Amino acid sequence: MKKPGMPLMLLLFLAVIAVAVWYVAARTAWLTGIRPVWCFVGYGLALSCSFLAMFGYASKNTAGPVFHPLTVFFCYLCAVLVILLLVFLAVDLVHLAVPFGKPVFGLCVLVLTVGLSAYGFIHAASPRLKEVTIELPHLEKEVTAVQLTDVHLGHFRGRKHLQKLVRMVNAAQPEVVFFTGDFLESWYNCSEEAVSPMKDLTAPVFFVNGNHDTYVNAAYVKDLCHKAGMHVLENEAAECAGLQVIGLDYMVADGNSRDDMHAALGHETIQSVMPRMGVSDSLATVVLHHSPVGAAYMEAAGADLFLAGHTHGGQFFPLTLINDRLFEYNRGLYHRDRMAVYVSCGSGTFGLPLRIGTDSEVTLLHLKPTARN
């Protein structure tokens, strides 16, 4: 079955947005007595400004003293509007089963919207250490590693957030740190000072770039990483802690890929790069790539573990459910025939500074030799 083209997908998206705005406007008008048309126009303008802020915040223009606070405000506003929509739907469903008066309806909407918004914002800014045990063939001894990904330094996360992450990593005492991209998301907080806490990490760090690093400026971000003491791998292999580490630039899986957002098309692919990476026959091999694509080509080349991020696990409900259908590997640990895949939800956020149904994650990896019978 042929997939719908981009113009049709865009029209469907705009239609869904229009219906959602109409619904929220109608319920707000019913609660407040304001004319529905004014509610619709107000929500429509707020959402339009939010979309402009959300999809334009990688631009240098939004890093200034005027556009930065506006970007932050409208992204938070968009998050609240999304929660308001979900709350209206939930309260309406309950109201259909158990009717109650308008004052109770309004109070429920207010309390739930404020409560969920506060929870989502605080939860997104509160990274947790997640421990995962993975058995690998070719591994001679247990290795403790940490995966960082999708930190998204920018308008919502800065030096203090990175310092928190560095303290968490150092407390775990890893032998190596794997950083699978999207370190920065905008020119705001894109500086040597902002990334300097990475110098305090006590373990060697291997970094590969992600799509948001590219939106800012891939070469500049990589240079910042070099200056912060990280080993930037650009389709290269290295050895550390008894592991072979292969780092791939952000790219599509193969020449037929047309659905992996943001990766450059028509250049090198995971399929074309992996055969020349020289996967070791004697060391456990870990492949780093920002997006969880191309696993089959890594496995065919002989890799033992593939680490990725990019998906954020969907970040918040109901995108968590949608992402499960969009990505073969969305979040957590997966096992192929001869290779493990781990996709971290990341420790930052994209667009909406909000997490509901996922955690901001720093992953502590206990890599163990495969048990021999």
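Just so you know, all these numbers are worked out from the coordinates, no wet-lab data involved. Keep in mind it's a predicted model, so treat the numbers as computed, not measured. So basically every Cβ, Gly included, is an ideal-geometry build from the backbone, and we count neighbours across all protein chains shown.
Some notes on this structure:
- To the nearest ten degrees, helix 36-56 and the longest principal axis of the Cα atoms of the chain are 20 degrees apart.
- Loop-located trypsin sites (Lys or Arg not before Pro) in the range 1-107 (DSSP state other than H, G, I, E, B) with a sparse environment of at most 10 neighbouring Cβ atoms within 10 Å: Lys2.
- Other-chain or far-sequence residues with amide H under 5 Å of Thr149's (modelled H): Thr180, Ser347
- Choice from Thr71, Thr180, Thr133 showing the highest fluctuation, given a GNM over the chain with Cα pairs closer than 10 Å: Thr133
- Sites listed here are GluC sites (Glu not before Pro) in the range 182-249 whose DSSP assignment is loop and whose Cβ has at most 14 other Cβ atoms within 10 Å: Glu234.
- Among Arg157, Arg128, Arg331, the residue with the largest mean-square fluctuation in a Gaussian network model of the chain, with springs joining Cα atoms closer than 10 Å, is Arg128.
- Extension gain, Glu193 back to Phe100 (0.36 nm per residue minus Cα-Cα distance, nm): 28.0 nm
- Selected from Asn211, Asn256, Asn170 as most flexible by GNM, with the chain as the system and alpha-carbon contacts under 10 Å: Asn256
- Taking amide H as placed 1.01 Å from N in the peptide plane, the amide H of Phe316 sits under 5 Å from that of Ile356, each at least 5 places away or on another chain.
- Sorted by Cβ neighbour density within 10 Å, fewest at the top, the residues Met198, Met298, Met54: Met54, Met198, Met298
- Radius ratio Rg over Rh of the range 197-308, counting only Cα atoms, Kirkwood formula for Rh: 0.97
- Here, the range 6-124 is characterised by an Rg to Rh ratio of 1.02, where Rg is the alpha-carbon radius of gyration and Rh the Kirkwood radius.
- Dimensions of the chain from C-alpha coordinates, computed as largest minus smallest value along each principal axis and given longest first, are 72, 48, 39 Å.
- If you count Lys pairs in the chain whose Cα atoms are under 23 Å apart, skipping same-chain pairs closer than 8 places in sequence, the total is 17.
- DSSP beta bridges in the chain [antiparallel fraction, %, rounded to 5]: 30 percent
- Secondary structure note: in the range 172-307, about 30% of the DSSP beta bridges are antiparallel.
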